[in-house]
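Just so it is clear, none of the values below were taken in a lab; they were calculated from the coordinates. These numbers were taken from a predicted model, which means no experiment stands behind them. Here the Cβ positions follow ideal geometry from the backbone for every residue, glycine too, while neighbour counts run over all protein chains shown.
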């Protein structure tokens, strides 16, 4: 059953329940409650005939009062239904706006203009905070974006790549740096999910103080990267190039470092290495 079919079934079922409940209340107000509230008939005779007239009047008065009360409840119910319909429309509008934002941001990521791609990344991060349903998609999009924009080994001539890296702070273009920063803020990452940043060219990247726990950097190149006070807890750094990177104060608890190139790495007493690891 599709989402629309489920919603239609829920609406029909809800209306049927309301009709049954209102029918039961109407029967009680007209036929049952008035006599029960007034009490039993006191018997036959002329004197009791007057009493019975008073009883009928009392029942009618109670019946009128109950029906007026039921009418008030129906009016309140109408207000409630109107509010629910309005809320449903607001949610539908919000979902439509989120879909439009998501679609536009994806288009921006494929732009030839780095500033447009930069804006698309921030739009996706904003959407992840607005609607949790999009978090997994945005997480996957941003990690794929980093791998595509900064692949290791490069898919262009080395001199062309080096010339491009020289123009940017830390060797990373603004859009790749923005994607890494957004991922480190983790608004789009569900707890326990791994970020796939393997085979990425992050040479000289300034990642100081950023949170990359539960991140896979297998086969990536972080030569000369600034990882001071970075959170790399439980990160997978197998076969990762960390040559000459600065790991001062970095948290590498439970990180996997088998096959990693750690030559020339800078560390200090505040660097937390995996248990049993010796540099």
*In the stretch 126-168, how many residues are in contact (Cβ under 8 Å) with a residue 60 or more places away in the chain and closer than 18 Å to residue 181 by Cα?*
1
*Any idea how many residues of the stretch 155-172 are assigned to a loop (DSSP other than H, G, I, E, B) and farther than 11 Å from residue 202 by Cα?*
5
_Qualifying position, being in a loop (DSSP other than H, G, I, E, B), in contact with a strand residue (DSSP E or B) (Cβ under 9 Å, 6 or more places away or on another chain) and over 17 Å from residue 152 (Cα atoms), among 238, 248, 269_ = 248
